[in-house]
Amino acid sequence: MAYPKPWCSSYSPLSRAQPQRTPSEMDQNGSFTQEAKSILKCKLSQKRKTLPYREIFEFFIEDFKTYKPLLSSIKNAYEVTLAYQRETIRALEPLRARLVTVKEDCNEKLLAMRAVERHEVSVLKNEKMHLLKLIDKKNEEKVSLQSEVAKLRKNLAEEYLHYLTERDARKILLADLNELRYQREDMSLAQSPGIWGEDPVKLTLALKMTRQDLTRTQMELNTMKANFGDVVPRRDFEMQEKTNKDLQEQLESLQADYDEVCKEHEILLQLHMSTLKERDQFHAELQDIQQTSTPRPDWTKCEGVVAGGTDRWKMLAAGKNSDQLVDVLLEEIGEGLLREKAYFPGLGYGEAIPAFLRFDGIVENKKPTKMEVVNLLQDVWKERLAEEQKEKFADFFFNFLERRFGPSEAMAWAYTIFENIKLFRSNEVMSQFYAVLMGKMKESVYIYQKETIAQLQREMASADSQNEGLLSMENFSSILRSTFPLKKEEQIQELMEAGGWNPNCSNADLFKYQALFKEDEEGQSEPFVQKVWEQYVDEKETYLQELKQELGPEILEVTPGRLREALGTIDPSLDAQTLSTYVSQAFQVPVTELPMEGDNENEQGLKTQLETVMSRLWVSDIRRAGPRTEPEPAI
């Protein structure tokens, strides 16, 4: 009996054992990751299990001639379905890695939102306690004023009783005085001999009229007593009325303050209730996420894996977040893998390949230490800064390697240094060299940074009149302000804190300023130099944001004239030469070939996308020349 051919004419164990690699299954060196290896092993095992059944089915198709078309159709249908399912599985595998990344991003956002929520709740609680204390204070003032009003009323009643008593005593005194006067008159009449000689009728009539006047006067007095018995003096009345009016105004003011505080209290209660609801909602979401998401990594497990043990890992992980710890761990892993490589594959001669890496074949890995690479890069910079910059930096770098190691070893050293500086991005010297080498940063940026640090060293050395290496905090502050006249007070404060200043220091305290500019064996600078670089990057970003805002967010393309006008607006202190240099860098044309003002035809020919212009300016050494003058308000 003739045996049928295999189900696929191109099938072989070698081709079956080496499926197509996807980017998600490969690491940096092009080899399979551990998870990808397990998946690949499972796939190969499954294919081996189905292989005998496939071959037996082929035998059935060949032996049963009658059903051969039907069985062949069944086999083809299954093969098509299996191929479709394999393609579907291969297409969905990258989504699994993307899902893990998205889940980690969501966790970080949720933690950030939770931190903001805790801060807001704390602020609201403090504000609530402050308002409650204010309410208690107002209530105490109200009680104090009420007690004062009651005391004044009591004093008023006592004064009223006193005046009534005085009035009654006065009435009695007047009655006694009148009685004494009448008695004295009667006695004088009785003692005068001339009175008895008058007409009795006339005297009787006079007595009668006098008694009528007395009666009338007594009636008027009683009427006055009845009408004005409760009347107080006008001066006392006006004084009491003024006091009452002042107390009434104070009471109304306190009542208005109390009503306002009550309204604010109700608003705070509503806000507190809404905050509690949001907290409960976020807590429920957190519980759901904690149940469904993966746990946070335990970074202490890396202590036994990283070379140097616990002490070195603690030094590497100090002050870093999870993302930075991942970079550190990748550098440590990459360093080990880089040392295991004996050769590097050449990248070829394509146009996208840098000139110093164009080689076809394999090159030797020289395996230098990180300190050796840093020293070599510093030698490159020293030689580059010592000569005139006529050739491109990449060509100069390769020529330097040829002079240092010879033409036969230059390519191997070029690949070795390139792989090292591409890996160790956290190293200051390597990251800056890589940025300049790949065109992500102009040499002028690095040169300006070094010149700024050298100027600071010269200023501090000149201020050290005793040449003892010591400088006072007052001199340190004045040197920073004179070197960086455009920096804000907060930025000067940050630089002083990075230099060792703290609120407990006095202006007369001395410190060793030379320690600010030291570098370790791997080229890492002190926090002061790093802060100067960070502020330079932040200031450049702010400057370009102002430029972009001045150009207009809706602008997609920009001409040299429009860019020149916008730069002059946001930075009026720019001189003509520096302004032309910035425009030349933005449009990648020499200064002499820039169109003159009003030459619209040539300017339209140089029109460039705004994002391209901003990216070119970002890699250049562009900085503010003077303060931006604010427009005068219209009168």
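Which one of these is crowded, with 16+ Cβ neighbours inside 10 Å, in contact with a strand residue (DSSP E or B) (Cβ under 8 Å, 6 or more places away or on another chain) and under 25 Å from TYR448 (Cα atoms): VAL613, VAL583, VAL619?
Answer to the selection: VAL613.
Among the residues of the range 563-578, count how many are under 17 Å from TYR543 (Cβ atoms), open to solvent by 20 Å² or more (accessible area, probe 1.4 Å) and in a helix (DSSP H, G or I).
5
Would you please name the residue that is farthest from the chain's Cα centre (by Cα), looking only at residues in the range 512-532 that are open to solvent by less than 30 Å² (accessible area, probe 1.4 Å) and farther than 18 Å from GLN432 by Cα?
Out of the qualifying residues, it is TYR513.
For the range 273-309, give me each residue that is at pLDDT below 70, open to solvent by 40 Å² or more (accessible area, probe 1.4 Å) and among the β-branched types (Val, Ile, Thr).
Hits for the range 273-309 are THR294, THR300, VAL305.
Can you tell me which residue is least open to solvent (accessible area, probe 1.4 Å) among those in the range 341-356 that are aliphatic (A, V, I, L, M) and either touching a residue at least 40 places away in the same chain (Cβ under 8 Å) or touching a helix residue (DSSP H, G or I) at 6+ places or on another chain (Cβ under 9 Å) (or both)?
Per the stated criteria, the residue is ALA355.
Filtering the range 595-628 down to residues that are in a loop (DSSP other than H, G, I, E, B), modelled with pLDDT of 80 or more and not charged (D, E, K, R), which residue is farthest from GLY439 (Cα to Cα)?
Top of the filtered list is PRO627.
Looking for something at pLDDT 80 or above, under 24 Å from ILE453 (Cα atoms) and of a type in the set (Lys, Arg) - is there at least one such residue anywhere in the range 543-551?
no
Among the residues of the range 416-437, is any open to solvent by 30 Å² or more (accessible area, probe 1.4 Å), of a type in the set (Ser, Thr, Tyr) and under 26 Å from GLU534 (Cα atoms)?
Yes, there is a match, as at least one residue in the range 416-437 is open to solvent by 30 Å² or more (accessible area, probe 1.4 Å), of a type in the set (Ser, Thr, Tyr) and under 26 Å from GLU534 (Cα atoms).
Could you list, in sequence order, the residues of the range 316-341 that are within 22 Å of PRO368 (Cβ to Cβ) and at pLDDT below 70?
LEU316
The values are calculated or read from the model by the stated rules, or taken from the named source; none is laboratory data. Quantities reported herein were computed from a predicted structural model and do not represent experimental measurements. Positions of Cβ are generated from backbone atoms using ideal geometry, with glycine treated the same way; all protein chains shown enter the neighbour counts. For accessibility, only protein heavy atoms count, side chains too; no ligands or nucleic acids. Shrake-Rupley method; radii C 1.70, N 1.55, O 1.52, S 1.80 Å.
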